[in-house]
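Here's the structure, in C-alpha cells; my notes come after.
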Amino acid sequence: TATAAAPTNPLIVAGRTRFNDQCSHCHGADGASPIRERDVRRLSMRYDADKWRDVATKTIKEGRNDLGMPPWKDSLSAQNLDELLAFLATIQK
C-alpha cells in the first residue's frame, strides 16, 4: 500500500504518529485501509468536501458503536483531536 509523504509541520507529524499508533489497526497505516468504508483518505469524497471535518470530529469523539468504533472523547485532548484532523486533511483524495 502507498503511504503518505512524511509531513514536516509539527501538528501534522504529531497527528500522523497518533493516527498510526491508535487508529491504524482498523484504518490502515496512514489511513489506507483495504476496506473501503474504513479508508479515511476518502472522507472528503464520501462527505461534502467542506463537511468531512465535522463528520470526522463527531465520529472520533462519539464513535460509531454500530460499526465497532469506540468513542475517543474521554481519551483525546482538544490538541490531540486537532493533530488528527490536521493529518487527515493531508491524506484526503
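The values are calculated or read from the model by the stated rules, or taken from the named source; none is laboratory data. Here the structure is a predicted model, which is why all the values come from computation and not from measurement. Ligands, DNA and RNA are excluded from the accessible area calculation, which covers all protein heavy atoms including side chains. Shrake-Rupley method; radii C 1.70, N 1.55, O 1.52, S 1.80 Å.
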Relative intensity, log₁₀ I(q)/I(0), of the chain from a Debye sum that treats every alpha carbon as a point, q = 0.11, 0.16, 0.25 Å⁻¹: -0.27, -0.59, -1.61
Any chance you could count the Lys pairs in the chain whose alpha carbons are under 16 Å apart, treating pairs 8 or more apart or on different chains as valid? 4
The chain: most fluctuating residue of Asp82, Asp50, Asp30 per GNM, C-alpha cutoff 10 Å: Asp50
How much length, in nm to one decimal, is gained on full extension between Ser24 and Met45, taken as 0.36 nm per residue of separation minus their Cα-Cα distance? 5.6 nm
Can you give the calculated 222 nm mean residue ellipticity of the chain, where each DSSP H run of n ≥ 4 adds -39,500 (n - 2.57) and the sum is split over every residue, rounded to the nearest 500 deg cm²/dmol? -13500 deg cm²/dmol
accessible surface per residue for the chain, probe 1.4 Å, DNA/RNA/ligands not counted, whole Å² -> 62
Scan around Met69 for amide H atoms under 5 Å from its own, H built in the peptide plane at 1.01 Å from N, and keep only partners 5 or more places away or cross-chain. Arg64
Roll a 1.4 angstrom probe over the protein heavy atoms and tell me the percent of accessible area of the chain that is carbon or sulfur. 52
